[in-house]
1. Return the residue satisfying two criteria in turn: it lies in the range 64-78 and is assigned to a loop (DSSP other than H, G, I, E, B) and closer than 25 Å to Ile134 by Cα, and of such residues it is modelled with the highest pLDDT.
2. Of everything in the range 153-192 that's in a helix (DSSP H, G or I), under 21 Å from Cys141 (Cβ atoms) and over 18 Å from the mean Cα position of the chain (by Cα), which residue is modelled with the lowest pLDDT?
3. What pairs come up if the first residue lies in the range 175-200 and is under 16 Å from Val124 (Cβ atoms) and polar (S, T, N, Q), the second is surrounded by fewer than 22 Cβ atoms within 10 Å (Cβ to Cβ) and at pLDDT below 90, and their beta carbons are under 9 Å apart, counting only those six or more places apart or on different chains?
4. Do we find that Val82 is closer than 26 Å to Leu194 by Cβ, among the hydrophobic types (A, V, I, L, M, F, W, C), at pLDDT 90 or above and crowded, with 16+ Cβ neighbours inside 10 Å in this structure?
5. Scan the range 55-66 residue by residue and report those that are surrounded by fewer than 22 Cβ atoms within 10 Å (Cβ to Cβ) and of a type outside the set (S, T, N, Q).
Amino acid sequence: MRPELLSESSLDGLERGVLALDVNGQRHALAVSATVPLLTVLRNDLQLNGPKYGCGLGQCGACLVLVDGVPARSCVIPAGGVQGRQVTTLEGLPQRFNDSIARSSAAGAGGVAADGAGGSTAAVKLHPVQQAFIAAQAAQCGYCLNGMILSTVALLERTPQPTDAQVRAALSHNLCRCGTHLEILQAVQRAAALMAAPAP
């Protein structure tokens, strides 16, 4: 499922103005053109360097962000196309996880404690997926990890216990040229275990 974003052609004629973007739980008012790629705004205007410039064609996954929880290629999305939507970058994952724990606690639905201690809601510094990628040593150069991690977060939010085939399908549009694919697959399964039953 892909978010329905405004295409660049639908933004033709919009002048430079103030865009209101919700990124990592914060509202930003930016004086940029609505047609500037979201990646450019994230990196240059908001100083968020998690999303990387890779191919510039939306094919490698290095620029991946979550738009309303759905993976999206920020190098080919005009910034104006995400107004009114929640954008999450790699830097925003810990807050996203902490917020989901707080919502679960407030709803009385139980859920995983943010610190893994069954009931406490101390804030995490890294999302469990980030922790799993570090523990599995799933990086060599690290350039692809932004897309791999965000794709994994989206996968585990919709499929908490994915099969190997589901993991491969979810990550198939993220390119890694270093050959750490086995470690990345192990990291995803480790992350699923951490999110399902974190160690105390």
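1. Ser74
2. Looking at residues that are in a helix (DSSP H, G or I), under 21 Å from Cys141 (Cβ atoms) and over 18 Å from the mean Cα position of the chain (by Cα), I get His181.
3. none
4. Considered against the rule, which asks whether it is closer than 26 Å to Leu194 by Cβ, among the hydrophobic types (A, V, I, L, M, F, W, C), at pLDDT 90 or above and crowded, with 16+ Cβ neighbours inside 10 Å, Val82 comes out as no.
5. Cys55, Gly56, Leu57, Gly58
Okay, residues lined up against (1) in contact with a helix residue (DSSP H, G or I) (Cβ under 8 Å, 6 or more places away or on another chain); (2) of a type in the set (Phe, Trp, Tyr); (3) within 20 Å of Cys144 (Cβ to Cβ); (4) outside any loop (DSSP other than H, G, I, E, B):
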{"position": "Ala20", "(1), (2), (3), (4)": "no, no, no, yes"}
{"position": "Ala34", "(1), (2), (3), (4)": "yes, no, no, no"}
{"position": "Leu48", "(1), (2), (3), (4)": "yes, no, yes, no"}
{"position": "Lys52", "(1), (2), (3), (4)": "yes, no, yes, no"}
{"position": "Leu57", "(1), (2), (3), (4)": "no, no, yes, no"}
{"position": "Ala62", "(1), (2), (3), (4)": "yes, no, yes, no"}
{"position": "Gly80", "(1), (2), (3), (4)": "yes, no, no, yes"}
{"position": "Asn98", "(1), (2), (3), (4)": "no, no, no, yes"}
{"position": "Ala102", "(1), (2), (3), (4)": "no, no, no, yes"}
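The values are calculated or read from the model by the stated rules, or taken from the named source; none is laboratory data. Keep in mind the model is a prediction, meaning the values are calculated, not measured. As a convention, Cβ positions derive from the backbone with ideal geometry for all residues, glycine included, and neighbour counts pool all protein chains shown.
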